[in-house]
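No value in this document is a laboratory result; all are computed from the given coordinates. Because the structure is a prediction, the values reported are computed rather than measured. Positions of Cβ are generated from backbone atoms using ideal geometry, with glycine treated the same way; all protein chains shown enter the neighbour counts.
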Amino acid sequence: TMLVFQNVPEASIDLPGVRSVMEAVESSSIKYDLSWTFSETRAADDSVALNGHLQFSLDLFDRATVEALAQRLLLVLRAMVADPAARMSTIDVLGEEERHRILVEWNDTAAEVEPATLPGLVQDQAKRTPDAVAVVAGGVELSYAELNERANRLARFLIGRGVGPERFVAVQMPRSVELVVALLAVAKAGGAYMPVDPGYPDDRKAFMVADAAPVVVLTSDGVDVGDVGGTDVVVLDEPAVIRQVAQQPATDVTDDERREPLRREHPVYVIYTSGSTGRPKGVVVEHRSVVDYLAYTRKTYSAAEGVALVHSPVAFDLTVTALYTPLVSGGRIVMAGLEDEDAETAALLSRTPNTFLKATPSHLPLLENLPADYSPSGHLLLGGEALHSEGLHKWRAQHPHAVVSNVYGPTEATVNCTEFRIEPGQKLPDGVVPIGRPQSNAQV
């Protein structure tokens with residue numbers, strides 16, 4: 001961009017019987033993408049005027065965008081003339097019409113969402129597709145009916161251990177079907193789960209447990225849970241625990257059995273951020289927020305009705321999308337890592353190809369070098385960090401028929417709040433891919 005200010009008096013041609021005037025001349029070339037030229041002119045009465053001229057590249061800007069830029073500049077100039085002492089931070093660059101368009105019209109995303117809880121959504125899906133495979137991990141698979149029944153039994157066991165609404169449960173387990181059962185069971189009991197990655201440093205584990213004060217820590221044999229203070233630790237694959245859980249009824253848990261009725265305003269999980277400010281921070285998310293988010297993902301990502309590869313730890317909210325969208329849509333989740341390719345997972349994905357995946361842009365090189373079945377044939381969601389188009393070209397060339405979405409949102413906004421969708425064959429924007437427009441019931 002170039003800004004030019006001309007304050008040299010204009011030269012004039014003084015010939016008998018000849019009058020000269022300045023005329024604008026069209027040009028097919030431009031030296032800069034955007035060029036602003038301002039000229040100061042002085043009239044015969046010594047009054048001063050400022051004339052502006054704007055040139056722009058048609059390859060980068062359309063006329064409406066440039067006119068909007070010019071209108072914003074005019075607002076700034078008028079404000080400066082009205083109050084030369086005004087601070088720049090107090091000057092409004094948006095007119096009323098544009099402000100209304102940005103803040104109101106573009107954020108008109110209201111959508112009705114059923115008044116449900118997370119376990120209620122999964123229970124409803126289990127009734128619709130009881131015999132369909134819900135989750136696969138480590139050579140074990142559970143149908144929707146089996147997943148729901150096992151979660152119901154464990155939920156009742158947890159209620160007996162003091163789990164209920166407004167109470168946290170730490171879940172420190174490796175990737176497995178038992179992990180999915182545990183998360184769902186905590187929600188059914190009315191509690192809020194706090195996922196703790198077994199690979200976290202001991203001091204981080206200890207901080208999270210001390211900070212959240214869970215009523216119980218759920219884990220499995222062989223996992224070092226670290227220093228949990230006096231918190232009750234339940235090893236779910238211990239024979240005694242297995243027997244106690246198996247004795248519980250398999251029917252859906254009711255409010256009469258919970259410590260208090262489960263409400264949409266109750267927390268469903270707490271996820272600790274990476275601690276970029278020096279200390280991890282717990283973000284509590286309510287049932288109504290997750291249900292609202294899943295209403296959007298279920299409607300938008302039809303590929304989740306197929307097979308979803310869940311590769312990321314549940315301690316990251318990125319996993320919420322790939323874990324729960326299929327489970328409320330009748331899809332199948334396959335728990336397997338991208339970094340540890342194994343023959344069993346490769347064979348499984350070759351039989352039932354992956355259709356839905358959520359990852360970060362940093363995972364793209366891994367996907368490019370893994371067997372094609374690890375990449376989704378339907379929809380790839382990328383989030384968690386800035387997406388550069390250069391890093392996406394190779395993967396799109398390998399999978400030209402897949403939809404790609406660049407999604408954005410802080411953990412506090414419940415996973416994502418904006419999306420930029422790239423359809424097959426659509427040209428990628430240069431440089432950084434935009435974060436897109438707000439999702440339903442989100443405003444930015």
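Could you tell me the relative contact order of segment 202-349? Use alpha-carbon pairs under 8 Å, at least six residues apart, and round to a whole percent.
13 percent
Here THR254, THR37, THR414 are placed in order of increasing Cβ neighbour count within 10 Å, fewest first, which gives THR254, THR37, THR414. The ranking of ASP221, ASP45 from fewest to most other beta carbons within 10 Å of each one's beta carbon is ASP45, ASP221.
Sorted fewest first by neighbouring Cβ atoms within 10 angstrom, GLU26, GLU412 come out as GLU26, GLU412. If the chain linking ARG101 and ALA246 were pulled fully straight, counting 0.36 nm for each residue of separation and taking away their Cα-Cα distance, it would gain 46.4 nm. Net length available on complete extension from ALA24 to ALA85 is 18.5 nm, with 0.36 nm assigned per residue and the Cα-Cα distance removed. The trypsin sites (Lys or Arg not before Pro) of segment 1-63 meeting both criteria, a DSSP state outside H, G, I, E and B (loop) and at most 12 other C-beta atoms within 10 angstrom of the site's C-beta, are ARG19, LYS31. Using the Cβ of VAL171 as centre and a radius below 11 Å, the other residues enclosed give a net charge of -2, where K and R count +1 and D and E count -1.
Positive contributions from Lys and Arg (+1) and negative ones from Asp and Glu (-1), summed over other residues with Cβ under 10 Å from the Cβ of LYS205, come out at -4. Charge tally around VAL48: other residues with Cβ under 9 Å, Lys/Arg +1 each, Asp/Glu -1 each, net -1.
In the chain, Cα pairs under 8 Å separated by at least six residues give a relative contact order of 12 percent.
Taking the Cα centre of the chain as the origin, how large is its charge dipole in debye, to the nearest 20, when only Lys and Arg (+1) and Asp and Glu (-1) carry charge on their Cβ atoms?
Working: 38 positive and 60 negative charges, 135 e Å.
Value, rounded to 20: 660 debye.
A crude spin-label estimate for the pair SER302 and ILE13, with each label 7 Å from Cα along the Cβ direction, gives 6.7 nm.
Close amide H contacts of LEU387 (hydrogens built in the peptide plane, cut-off under 5 Å, sequence separation of 5 or more or a different chain): VAL433.
Distances between placed amide hydrogens fall under 5 Å for VAL310 paired with VAL334, MET335, ALA336, all partners being 5 or more residues away or on another chain. Length gained on full extension, VAL4 to ARG72: 22.7 nm, using 0.36 nm per residue less the C-alpha separation. For segment 424-444, backbone nitrogen atoms closer than 17 Å to the point 7 Å from SER57 Cα along Cα-to-C-beta are found at 428-433.
Across segment 17-30, rounded Karplus estimates of 3J(HN,Hα) from the backbone phi angles (6.51 cos²θ - 1.76 cosθ + 1.60, θ = phi - 60°) give x, 10, 10, 10, 9, 8, 10, 6, 10, 5, 9, 8, 10, 9 Hz, Gly and Pro being marked x. When +1 charges are put on Lys and Arg Cβ atoms and -1 charges on Asp and Glu Cβ atoms, the dipole computed for segment 178-288 relative to its Cα centre reaches about 420 debye.
For segment 134-150, 3J(HN,Hα) computed residue by residue from phi via the Karplus equation (6.51, -1.76, 1.60; θ = phi - 60°) reads 9, 9, 10, 6, x, x, 10, 10, 10, 7, 4, 5, 5, 4, 5, 5, 5 Hz, glycine and proline entered as x.
Between segment 405-444 and segment 306-366, the C-alpha centres lie 20 angstrom from each other. Rounded to the nearest 20 debye, the dipole magnitude of segment 131-204 is 280 debye, with +1 charges on Lys and Arg beta carbons, -1 on Asp and Glu beta carbons, and the Cα centre as origin.
Enumerate by residue number the trypsin sites (Lys or Arg not before Pro) in segment 82-116 meeting two conditions: DSSP loop (anything except H, G, I, E, B), and at most 16 other Cβ atoms within 10 Å of the site's Cβ.
Answer in residue order: ARG87.
Tell me, how many Å apart are the Cα centres for segment 280-299 and for segment 166-194? Rounded to whole Å, the Cα centres lie 16 Å apart. Ellipticity at 222 nm from helices only: DSSP H runs of n ≥ 4 in the chain, each -39500 (n - 2.57), divided by the residue count, give -9000 deg cm²/dmol.
Annotation: amide H of PHE168 within the under-5 Å range of ALA192, VAL215, sequence separation 5 or more or interchain, hydrogens built in the peptide plane. Computed from backbone phi with θ = phi - 60° and the Karplus coefficients 6.51, -1.76 and 1.60, the 3J(HN,Hα) list for segment 181-196 is 4, 5, 4, 5, 5, 4, 5, 5, 6, x, x, 10, 7, 10, x, 10 Hz; x is used for glycine and proline.
Which label marks the calculated value of Cα extents along the principal axes in Å, given the options (i) 91, 61, 44; (ii) 112, 48, 41; (iii) 71, 56, 44? So the calculated entry is the one marked (ii). If you take the Cα centroid of segment 237-274 and the Cα centroid of segment 64-108, the two points sit 53 Å apart.
May I ask for the percentage of alpha-carbon pairs in segment 316-367 that lie more than 12 Å from each other? Here the long-distance tail beyond 12 Å is 69 percent of all Cα pairs in segment 316-367. Bridges between two residues of segment 2-105, per DSSP, are antiparallel at a rate of about 65%.
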